[in-house]
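Undergrad: Handing you this structure, nothing more for now.
The values are calculated or read from the model by the stated rules, or taken from the named source; none is laboratory data. All values derive from a computational prediction rather than experimental measurement. Here the Cβ positions follow ideal geometry from the backbone for every residue, glycine too, while neighbour counts run over all protein chains shown. Side chains are part of the model used for accessible areas, which takes the heavy atoms of the whole protein and leaves out ligands, DNA and RNA. Shrake-Rupley method; radii C 1.70, N 1.55, O 1.52, S 1.80 Å.
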Amino acid sequence: MHKRPLSARRSITPVLACLVIAPVTLAESFKPVTEVNNLPEAPALLTLNNRVSALPDGPLFINIWASWCKPCVDELPALNALKARYPHADIHWVALNYGDSLATVREFMTGTEIELPVLLDLTTQFTAQLPLTGLPATFLADAHGQIRYQLDGYADWTDPTLTRQLESLLPELTNPQ
């Protein structure tokens with residue numbers, strides 16, 4: 001069994017506790033975020049090429065996942081179709097890995113097609129600053145970097161109700177007041 005350093009195990013504990021206490025449920029809808037105003041600084045997010053990267057500027061769709069999280073893994077392929085559904089949307093799509101090592105994510109990627117740019121939060125310092133209650137989770141940020149909406153839990157990205165809600169939020173993200 002793969003052992004994580006103590007610091008990584010401590011940072012995962014709150015998320016695991018949430019997953020154990022609250023069974024994974026189907027995400028119902030995006031909810032407004034009021035606890036965090038702007039995206040936190042992104043300390044040491046990495047690309048799959050082991051380069052430090054920042055989140056793209058502008059409106060963002062950020063899906064947070066981990067290779068050990070079955071609902072996350074189940075949800076990832078549908079994100080490809082979701083992104084393809086909005087080819088002209090002025091929004092950046094990011095699959096942000098929560099705490100897996102670079103080697104683990106690279107190995108995971110050999111068997112999984114994710115067409116979204118993949119970034120890694122190895123230390124979980126970025127995600128620790130979000131109102132994350134469990135995995136998977138999706139956040140929508142507007143063009144000014146303000147986190148506007150959050151969706152907790154596994155999302156059925158083929159659900160017309162959920163995709164209609166996302167469509168209705170896109171103009172608010174790309175043209176914030």
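Undergrad: Can you go through D100, D121 and tell me which one is acidic (D, E) and more than 24 Å from V33 (Cβ to Cβ)?
TA: After ruling out the rest, the residue left standing is D100.
Undergrad: Can you find a residue that is at positive phi and surrounded by 15 or more Cβ atoms within 10 Å (Cβ to Cβ) anywhere in segment 161-176?
TA: no
Undergrad: Examine segment 104-123 for a residue that is in contact (Cβ under 8 Å) with a residue 40 or more places away in the chain, polar (S, T, N, Q) and within 17 Å of S53 (Cβ to Cβ), and state whether such a residue exists.
TA: Looking for residues that are in contact (Cβ under 8 Å) with a residue 40 or more places away in the chain, polar (S, T, N, Q) and within 17 Å of S53 (Cβ to Cβ), one finds at least one in segment 104-123, hence yes.
Undergrad: So which pairs qualify, if the first residue must be in segment 129-141 and touching a residue at least 60 places away in the same chain (Cβ under 8 Å) and aliphatic (A, V, I, L, M), the second must be open to solvent by 20 Å² or more (accessible area, probe 1.4 Å) and assigned to a loop (DSSP other than H, G, I, E, B), the Cβ gap must be under 6 Å, and the two must be at least 6 apart or on different chains?
TA: Close Cβ pairs (under 6 Å, with a partner that is open to solvent by 20 Å² or more (accessible area, probe 1.4 Å) and assigned to a loop (DSSP other than H, G, I, E, B)) amount to A141/L39.
Undergrad: Same structure, new question: Can you work out which of the residues in segment 16-36 that are open to solvent by 100 Å² or more (accessible area, probe 1.4 Å) and assigned to a loop (DSSP other than H, G, I, E, B) is modelled with the highest pLDDT?
TA: Within segment 16-36, the match that is modelled with the highest pLDDT is T34.
Undergrad: Output the residues belonging to segment 65-93 that are among the charged types (D, E, K, R) and in a helix (DSSP H, G or I).
TA: K70, D74, E75, K83, R85
Undergrad: Moving to a separate point now. Checking F126 against (1) touching a residue at least 40 places away in the same chain (Cβ under 8 Å); (2) open to solvent by less than 20 Å² (accessible area, probe 1.4 Å); (3) touching a Ser or Thr at 6+ places or on another chain (Cβ under 8 Å); (4) of a type outside the set (S, T, N, Q), which single condition isn't satisfied?
TA: Unmet for F126, out of (1) touching a residue at least 40 places away in the same chain (Cβ under 8 Å); (2) open to solvent by less than 20 Å² (accessible area, probe 1.4 Å); (3) touching a Ser or Thr at 6+ places or on another chain (Cβ under 8 Å); (4) of a type outside the set (S, T, N, Q): (3).
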